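The values are calculated or read from the model by the stated rules, or taken from the named source; none is laboratory data. The model shown is predicted, which means the values in this text are computed figures rather than measured ones. Cβ sites come from the backbone with ideal geometry, for glycine too, and all protein chains shown count toward neighbours. Ligands, DNA and RNA are stripped out before the accessible areas are found, and what is left, the full protein with its side chains, is counted by its heavy atoms. Shrake-Rupley method; radii C 1.70, N 1.55, O 1.52, S 1.80 Å.
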Amino acid sequence: MRVYVHTHGCRLNAAESRHWIEELESQGLTVTEKMDETVNVAIVNSCAVTDEAESKCRQSIRQIIRIQPEVGLIITGCMVERNPQALLRAHHRLLILGNGEKHRLVTHIRDLARGKIIAPIIRPILAKEDFTLPCVLEKDYPKRYNLKIQEGCDFGCSYCIIPRLRGKGRSRDFGNLLEDARIHVQKGVKEIVLTGINVGLYGNDSKHLSDVITALNDLPGLERI
């Protein structure tokens with residue numbers, strides 16, 4: 001099975017997409033960097049921070065369908081949270097996953113590729129709870145790695161829609177993120193970029209952002225944070 005991942009928006013989206021790619025590859029699926037007629041499932045990780053960002057996401061969706069009309073299409077990310085109903089007729093083989101469900105994205109791919117119809121999965125409330133992510137790495141990694149440590153934001157700035165799309169601030173398990181970093185540094189990563197919606201809100205098991213930086217600084221082989 002061949003899977004194509006198209007990512008819009010921030011470094012956090014990039015970090016999430018990278019996790020999906022690593023998990024897909026660990027299960028024996030082929031992830032391609034080019035969309036063509038051989039792709040079985042295409043994933044669009046969307047952005048909704050501005051109208052222009054949404055427009056670019058819709059353009060990508062149309063382009064994917066033009067290239068492969070029978071592709072199984074998964075749309076996830078912030079655009080889904082803002083206006084899911086507008087996406088329901090985008091394609092006849094479509095799965096829409098809200099931000100509260102996209103961590104299970106990989107489990108849906110085989111069903112979608114087989115033509116199974118899956119109802120849109122959008123959770124209206126994202127639970128304010130800490131989380132873990134899989135630490136999977138099947139091949140050598142580029143020298144820079146976006147490490148997701150946090151999600152959501154507790155502030156309600158009048159100009160920003162993101163807290164409504166990503167939910168309240170939530171932090172990644174401290175041991176889990178350190179293990180993720182350690183695995184990637186052992187594979188050759190030299191620079192780690194801490195990613196999140198508001199990384200200053202990080203807090204897990206009495207650990208804060210300064211503790212994350214201190215622990216990463218002690219990793220042999222890591223040159224830049």
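Data for the structure
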{"quantity": "Unique match (being under 30 Å from residue 164 (Cα atoms), without any contact (Cβ under 8 Å) to a residue 40 or more places away in the chain and buried (at least 21 other Cβ atoms within 10 Å of the Cβ)) among 55, 46", "calculated": "46"}
{"quantity": "Residue among 213, 225, 192 that alone is under 13 Å from residue 146 (Cβ atoms), among the hydrophobic types (A, V, I, L, M, F, W, C) and open to solvent by 20 Å² or more (accessible area, probe 1.4 Å)", "calculated": "225"}
{"quantity": "Near pairs, Cβ below 6 angstrom, 6+ apart or cross-chain, from segment 196-224 (assigned to a helix (DSSP H, G or I)) to any residue that is among the small types (Gly, Ala, Ser) and open to solvent by less than 40 Å² (accessible area, probe 1.4 Å)", "calculated": "201/169; 216/181"}
{"quantity": "Residue 71 over 30 Å from residue 127 (Cα atoms) and either in contact (Cβ under 8 Å) with a residue 60 or more places away in the chain or crowded, with 20+ Cβ neighbours inside 10 Å (or both)", "calculated": "yes"}
{"quantity": "Test: residue 200 is more than 25 Å from residue 29 (Cα to Cα) and more than 17 Å from the chain's Cα centre (by Cα)", "calculated": "yes"}
{"quantity": "Odd one out for residue 106, checked against (1) outside any helix (DSSP H, G or I); (2) at pLDDT below 90; (3) among the hydrophobic types (A, V, I, L, M, F, W, C)", "calculated": "(1)"}
{"quantity": "Members of segment 161-180 found to be over 16 Å from the mean Cα position of the chain (by Cα) and in contact (Cβ under 8 Å) with a residue 60 or more places away in the chain, listed by number", "calculated": "161, 164"}
{"quantity": "Candidate set from segment 195-210 (those that are open to solvent by less than 50 Å² (accessible area, probe 1.4 Å), touching a Leu at 6+ places or on another chain (Cβ under 9 Å) and not hydrophobic (A, V, I, L, M, F, W, C)); member that is nearest to residue 144 (Cα to Cα)", "calculated": "195"}
{"quantity": "Unmet requirement for residue 144, which otherwise passes all of (1) exposed (fewer than 13 other Cβ atoms within 10 Å of the Cβ); (2) touching a Lys or Arg at 6+ places or on another chain (Cβ under 6 Å); (3) under 27 Å from residue 26 (Cα atoms)", "calculated": "(2)"}
